[in-house]
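To keep things clear, I will list the structure first and then write my remarks on it.
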Amino acid sequence: MNIVVCVKQVPDTWSERTLKESDSTLDRDAADAVINEADEFAIEEGLRLAEAHGGEVTILSMGPARATESIRKALSMGADKAVHLVDDALAGSDVLGTSAALAAVLGQIGFDLVILGSESTDARTGVLPAMLSERLGVPQLSYASKVEVDGSAITINRLADYGYDTVVATLPAVISVVEKINEPRYPSFKGIMAAKKKPVQTMSLADAGVDAAAVGLANAASEVTSWDKRPPRQAGTVVADEGDGGGKAAEFLAARKFI
Amino acid sequence: MAEILVLAEHDGETVKKVTLELVTLARRFGEPSVVWTGPGAEAAQARLAEFGAAKIYVAADPEYDDYVVAPKAELLAELVKQASPAAVLLPSTAEGREVGGRLAVKIGSGILTDAVGIGDDLSAEQVIFGGAINVSSRVRSGTPIIAVRPNAITPEAAPADPMIEPVSIAVSDAAKQAKITERVVQQRGARPELTEASIVVSGGRGVGSADNMALIEKLADSLGAAVGASRAVTDAGWYPHQFQVGQTGKTVSPQLYVAVGISGAIQHRAGMQTSKTIMVVNKDPEAPIFELADFGVVGDLFKVVPQLVEEIEKRSA
Ligand SMILES: Cc1cc2nc3c(=O)[nH]c(=O)nc-3n(C[C@H](O)[C@H](O)[C@H](O)COP(=O)(O)OP(=O)(O)OC[C@H]3O[C@@H](n4cnc5c(N)ncnc54)[C@H](O)[C@@H]3O)c2cc1C
Ligand SMILES: Nc1ncnc2c1ncn2[C@@H]1O[C@H](COP(=O)(O)O)[C@@H](O)[C@H]1O
């Protein structure tokens with residue numbers, strides 16, 4: 001099975017994240033960069049499926065040069081090779097542009113299964129899996145909490161508010177996974193050494209056959225027009241429990257008409 | 001006046017509150033046209049009328065519910081073509097955002113997700129990076145597609161007499177690739193749904209065990225609230241994943257959020273920061289969650305919460 005896992009490098013949620021004054025795009029230098037957490041679950045699921053059914057796992061990442069750190073980490077977990085789509089003209093792309101670019105690469109490298117995280121921690125749109133499915137014309141199996149492949153049949157549990165839906169489709173397909181679907185492995189020392197020699201193919205827009213008019217900040221279909229640091233919430237009342245804490249909390253709720 | 005398409009979220013009988021919120025928002029920009037898929041439109045009609053729906057497109061074919069997302073996107077794309085609406089509004093739920101994403105590709109429009117408000121020029125107000133930054137953004141090309149966070153605004157009644165327009169567009173084969181074969185309902189108490197609830201009571205690691213989550217449920221029930229949990233709790237398996245609040249869980253925006261035994265890590269705050277009122281019970285006065293609290297009790301939750309439940313029950317008796 002030819003499995004491609006889409007991995008995004010994002011600013012660490014533990015560091016302070018901000019936008020750039022100049023063009024209101026993400027300030028990638030201001031924060032430590034890590035693999036988007038949900039994508040680690042996607043990588044793990046790809047590795048498990050390849051182990052169970054045979055095949056190769058390719059990491060696909062679109063991002064600036066620095067994204068190679070995240071690509072190497074994914075390879076050290078056990079993926080076989082990687083494609084890095086990197087081009088200055090991609091900077092500032094919105095989801096529509098990103099999905100066009102990734103779909104073009106996927107069309108070129110081919111796949112049986114594309115695996116994504118269900119949401120990134122910076123953009124938080126959670127729409128890329130649906131967009132890729134739409135663009136590639138293959139089934140969308142998103143928010144998977146369980147994945148089973150049997151020949152060309154694929155079945156997932158799709159997480160819902162009330163529980164889950166069982167969804168079936170035929171490969172090729174796009175899936176996205178939620179955290180808790182598995183336990184992502186840590187790279188072993190051997191894995192880290194091996195990753196250094198694994199092939200990482202860099203592609204430019206031209207290599208990928210992406211229309212430059214569909215991507216980048218200038219062509220984005222949506223844009224940030226203004227932003228502000230949010231003022232801290234006004235300090236409230238804090239009381240120490242002296243045997244009457246529950247009562248005081250009830251008084252507060254009554255004063256605000258919640259009870 | 002131009003139409004504003006609003007995709008209804010419903011369970012086949014009752015329309016979800018977020019749909020009424022979207023209709024309320026839509027009234028500011030044009031004539032709200034609700035798009036209903038699958039059965040149940042008749043039952044919901046009165047409620048949609050009460051909040052000002054000018055038109056209801058009813059695509060009653062039950063097949064709309066049998067496949068993941070794609071049929072709804074296809075329907076909306078067709079209606080955008082027919083009605084040239086000024087905007088398409090969807091709930092910023094997993095499903096709503098995905099329908100919006102596919103629609104954006106189909107009609108070549110920009111999409112904005114997780115809006116907590118909409119400006120006069122159809123710009124979306126968003127809160128990003130765990131509540132650190134307010135952003136205003138807009139769609140530059142195509143019909144704006146905006147997904148709005150449930151509970152971000154209050155629905156306001158404005159009675160209307162909606163026109164019912166049956167739509168008989170068959171679901172295409174292309175939209176039938178991912179078939180839903182079973183819906184498994186795991187949890188369905190009398191409690192309101194997490195993202196729709198006006199009060200949410202969440203438990204954190206301080207609660208200590210799966211059994212002790214009963215205390216959180218008890219407090220929630222005394223307030224008619226939904227139950228939420230921090231990731232520490234869902235990771236430990238003390239409560240199901242779908243109740244996780246935070247960056248990788250649900251984003252909630254209730255009138256009242258009660259955080260019990262939760263420290264308030266940035267990733268948790270990302271999911272509850274826009275709650276209107278926040279109450280905290282935590283034994284550590286240094287816990288960062290107190291920075292958000294309108295009212296906080298520093299104390300042992302096993303003493304404070306039972307007393308609080310007792311007080312609430314006394315007052316409502
Ligand atoms: C990429 C990423 C995504 C994440 N996404 C989420 C997310 O979506 N949601 C989320 O919640 N977290 C998320 N986290 C985890 C987050 O960083 C915290 O680890 C988590 O929120 C901690 O949960 P907690 O507050 O329940 O536990 P703790 O931080 O351990 O806090 C427990 C609190 O309980 C108090 N306490 C203990 N006993 C008592 C008692 N008897 N009475 C009163 N108080 C008591 C303690 O003082 C403490 O403040 C994410 C982390 C990462 C890295
Ligand atoms: N630049 C990118 N390169 C590769 N994959 C990406 C990129 N951006 C997003 N993704 C994938 O899409 C998923 C959802 O992201 P988003 O729609 O941005 O919330 C992520 O978890 C990744 O798997």
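So is B:Val99 surrounded by 22 or more Cβ atoms within 10 Å (Cβ to Cβ) and in contact (Cβ under 8 Å) with a residue 12 or more places away in the chain or not? Against the criterion (surrounded by 22 or more Cβ atoms within 10 Å (Cβ to Cβ) and in contact (Cβ under 8 Å) with a residue 12 or more places away in the chain), B:Val99 qualifies.
Rundown of residues vs (1) at pLDDT below 95; (2) open to solvent by less than 10 Å² (accessible area, probe 1.4 Å); (3) hydroxyl-bearing (Ser, Thr, Tyr); (4) over 21 Å from B:Thr195 (Cβ atoms), yes/no style:
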residue	(1), (2), (3), (4)
B:Val227	no, yes, no, no
B:Val260	no, yes, no, no
B:Thr274	yes, no, yes, no
B:Glu310	no, no, no, yes
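Among the residues of the stretch B:125-162, the one identified as open to solvent by 20 Å² or more (accessible area, probe 1.4 Å), among the small types (Gly, Ala, Ser) and not in a loop (DSSP other than H, G, I, E, B) is B:Ser136.
The set of residues in the stretch B:220-245 being of a type in the set (Ser, Thr, Tyr), within 17 Å of B:Ser263 (Cα to Cα) and out of contact with any Ser or Thr (no Cβ under 7 Å at 6 or more places or on another chain) consists of B:Thr234 alone. Taking the criterion of being more than 10 Å from ligand 2 (Cβ to nearest atom), open to solvent by 40 Å² or more (accessible area, probe 1.4 Å) and in contact (Cβ under 8 Å) with a residue 60 or more places away in the chain, the only residue of the stretch A:23-39 that qualifies is A:Asp23. Just one of the listed residues (B:Asp120, B:Asp65) is open to solvent by 30 Å² or more (accessible area, probe 1.4 Å) and closer than 17 Å to A:Gln140 by Cβ, and it is B:Asp65. In summary, B:Phe302 fulfils each of the numbered conditions (1) among the hydrophobic types (A, V, I, L, M, F, W, C); (2) surrounded by fewer than 19 Cβ atoms within 10 Å (Cβ to Cβ); (3) more than 7 Å from ligand 1 (Cβ to nearest atom) with the single exception of condition (3).
Would you confirm whether or not the stretch B:101-108 contains a residue that is within 19 Å of the chain's Cα centre (by Cα) and part of a helix (DSSP H, G or I)?
Just the residues of the stretch B:101-108 that are within 19 Å of the chain's Cα centre (by Cα), to begin with: B:101.
Add one more test, that the residue is part of a helix (DSSP H, G or I), and what stays is B:101.
Yes.
Inclusion of A:Asp161 among residues that are over 21 Å from B:Ile111 (Cβ atoms) and not small (Gly, Ala, Ser) is warranted. Right, A:Ala42: of a type outside the set (Lys, Arg) and closer than 16 Å to A:Ile115 by Cα or not? Here the answer is yes, as A:Ala42 does meet what is asked. Condition check: in contact with a strand residue (DSSP E or B) (Cβ under 9 Å, 6 or more places away or on another chain) and away from chain B (no Cβ under 11 Å). Does A:Arg72 satisfy that? Yes, satisfied. Of the residues making up the stretch B:265-279, those that are more than 9 Å from ligand 1 (Cβ to nearest atom) and within 9 Å of another protein chain (Cβ to nearest Cβ) number 4. What number of residues within the stretch B:212-265 are more than 16 Å from ligand 2 (Cβ to nearest atom), over 21 Å from A:Asp241 (Cα atoms) and assigned to a loop (DSSP other than H, G, I, E, B)? So the count comes out to 13. Tallying residues that are more than 12 Å from ligand 1 (Cβ to nearest atom) and assigned to a loop (DSSP other than H, G, I, E, B) within the stretch B:280-293 yields 1.
Residue-by-condition table, conditions (1) at the interface with chain A (Cβ under 7 Å from one of its Cβ atoms); (2) on the phi > 0 side of the Ramachandran plot; (3) among the hydrophobic types (A, V, I, L, M, F, W, C):
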{"residue": "B:Ala77", "(1), (2), (3)": "no, no, yes"}
{"residue": "B:Lys81", "(1), (2), (3)": "no, no, no"}
{"residue": "B:Thr93", "(1), (2), (3)": "no, no, no"}
{"residue": "B:Val105", "(1), (2), (3)": "yes, no, yes"}
{"residue": "B:Phe129", "(1), (2), (3)": "yes, yes, yes"}
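Residues of the stretch A:174-217 that are among the hydrophobic types (A, V, I, L, M, F, W, C), within 12 Å of chain B (Cβ to nearest Cβ) and more than 15 Å from ligand 2 (Cβ to nearest atom): A:Ala213 alone. Of all residues in the stretch A:118-145, those that are farther than 20 Å from B:Ile266 by Cα, facing another protein chain (nearest Cβ under 7 Å) and within 16 Å of ligand 1 (Cβ to nearest atom) total 1. Restricting attention to the stretch B:218-243 and to residues that are in contact with a strand residue (DSSP E or B) (Cβ under 6 Å, 6 or more places away or on another chain) and within 11 Å of another protein chain (Cβ to nearest Cβ), the residue that is nearest to ligand 1 (Cβ to nearest atom) turns out to be B:Arg231. Does B:Gln177 fit the bill of being open to solvent by less than 20 Å² (accessible area, probe 1.4 Å) and either at pLDDT 95 or above or of a type in the set (A, V, I, L, M) (or both)? No: the conditions fail for B:Gln177.
The values are calculated or read from the model by the stated rules, or taken from the named source; none is laboratory data. Just so it is clear, the model here is predicted, and its values are computed rather than measured. FYI the Cβ positions are ideal-geometry reconstructions off the backbone, even for glycines, and counts take in every protein chain you see. In case anyone asks, the SASA skips ligands and DNA or RNA and just uses the protein heavy atoms, side chains included. Shrake-Rupley method; radii C 1.70, N 1.55, O 1.52, S 1.80 Å.
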